[in-house]
1. Taking Cα centroids, how far is the stretch 225-283 from the stretch 344-369 in Å?
2. Quick one: net charge around H152, please, counting Lys, Arg +1 and Asp, Glu -1 for every other residue with C-beta under 11 Å from its C-beta.
3. How high is the relative contact order of the stretch 330-406? Use alpha-carbon pairs under 8 Å, at least six apart in sequence, and give a whole percent.
4. Round to the nearest 0.05 the FRET efficiency obtained for L264 and D187 when R0 = 51 Å and r is the Cβ-Cβ distance.
5. Sort S356, S378 by heavy-atom solvent-accessible area, probe 1.4 angstrom, most to least.
6. Counting only protein chains, not ligands or nucleic acids, how are K432, K413 ordered by accessible area (probe 1.4 Å), most first?
7. Once the Cβ-Cβ distance between A171 and D367 is put in as r, and R0 is 60 Å, what FRET efficiency do you end up with, to the nearest 0.05?
8. Can you list the aspartates and glutamates whose alpha carbon is less than 13 Å from that of K134, not counting same-chain residues fewer than 8 positions off?
Amino acid sequence: MAAGSIFRFAVLASLLFACSGTPKNEATTPLGPPNIVLVFVDDLGFGDLGCTGGAYRTPNIDRLATEGAFFTDFSVAQPVCSASRAALLTGCYPNRLGIHGALGPSNRHGLDPDETTLAEMLKEQGYATAIYGKWHLGLQEEVLPTRQGFDHFAGIPYSNDMWPQHPESDAYPPLPLFEQEQIVEYDPDQRQFTLGFARRGVEFLRASVAQQQPFFLYLPQPMPHVPLFVSEAFEGHSGKGLYGDVVEEIDAAVGMILQTLEELDVAENTMVIFTSDNGPWLSYGDHAGSTGGLREGKGTVFEGGVREPLLVRWPARIPAGLRVQEATMAIDILPTIATFTSAGLPQRLIDGRDISALWTGASESLDPDFPYYYWYRSNELQAMRSGKWKLHFPHGYRTMQGREGGSGGIPGKYDYSAKTGLELYDLSTDPKEQHDVAADHPEVVAAMDAAAEIMRGRLGDKLQGCVGSEVREPRRFDGDFGR
Ligand code: MG
């Protein structure tokens, strides 16, 4: 929808208000396309928030849960930065797109610009679009956010620890800070990241509303991924260490956004979505978050690595205090937003499903046994979920069990020799994945494995030596850094 037609729509809507004299009511008053703010933090533990029983004060983030929906059984597609972001922004399993792991300065590939991102989908609908924070889907010009649907970009192209001060590697060049497609600074002051990116977001919201344009603000905060930094005002804020200070500053950044939406009188029809890209980086000890008792963390497909609280506040459509226990995944966000914005789905095949009926509380469950969600780690099909069941396929994983975590930003050492067998867990009674019940439910294991076999044919499985027939290529570059 073009800006002009949005304006005409707003005028028409205001006339309807004037004629009917009724308060805002979705049944009688078209509110127009919803605005969207997507806050995607980095390496947050499931148990780090006030609303998940955490130790830190997060009143603004908690507001999203009390005034909106809390999806308790939401997970990311892969427990690592780049892969998780690829899924969020495209609605695809990341291995479908050839995006694995965490891209760094030496990678010569990125998200193929021919894929359709959430930003491109919304831009097509007349939205103003912006990203402030961490991109992590390639640093070559052709794959930067400005070439993938975002009108505005300020931030870093990959993780904030990929810089010369990395505690375990001296191989990283200075960390670039981008403004659109230009590098404007190297090794920027990370103490300014959290509130600085939020302030850019606030400016964008004000400009979009002034131009009467619906907006999509994507705020991928680089923290609480290590190295941890806070601005001066948040030093010692939590009284519980630097990690807590960082979480509380992120909460303040969310508060800035919520306050701005209210000031601009657009909070009613703005969906504010909050979640994280993966669970806590446990080897960092006191600089890592808490899974709240879920097993393992970042880099593994156990719940501690992939389950995150998904919070969505949208007063116009989502009832306050809604709790959704149905399994959902980050790949569902794009098709769900497509429904709410009447946008067309990407032309290329995607994996997510429209779960808009869960978002509004119209339905408690779409189908208890379908669909299946799959967790790949790189291109290994390591686990899957169907309803309450989670099946692990035999695979190796890293763990800090029996080991001391790091401190002060210096990580401890993972044990990479841990292995899981073919194990089945009932997440409705055993979310911590402690009691393997595969032997008691062979029919469940067989049905899930049969579904997995189909998936192996489509997206492959390195554990079984399968090559997928539907896997697409990322955009690849030659030469140094491709720039
Ligand atoms: Mg991460």
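The values are calculated or read from the model by the stated rules, or taken from the named source; none is laboratory data. Everything numeric in this text was worked out from a predicted model, so none of it was measured. Counting neighbours? That spans all protein chains shown, and the Cβs are built from the backbone with ideal geometry, glycine included. Each accessible area value is taken on the protein alone, full model and side chains, heavy atoms only, with ligands, DNA and RNA left out. Shrake-Rupley method; radii C 1.70, N 1.55, O 1.52, S 1.80 Å.
1. First find each Cα centre; the distance between them is then 28 Å.
2. On the way: positive: R200; negative: D151, E179, E203.
The answer is -2.
3. About 17 percent, as a whole number.
4. Details: r = 35 Å, r/R0 = 0.68.
Between L264 and D187 the formula returns 0.90.
5. In descending accessible area the options line up as S378, S356.
6. Descending accessible area places them as K413, K432.
7. FRET efficiency, A171 to D367: 0.80.
8. Reachable aspartates and glutamates: D42, D43, D161, E179, D277.
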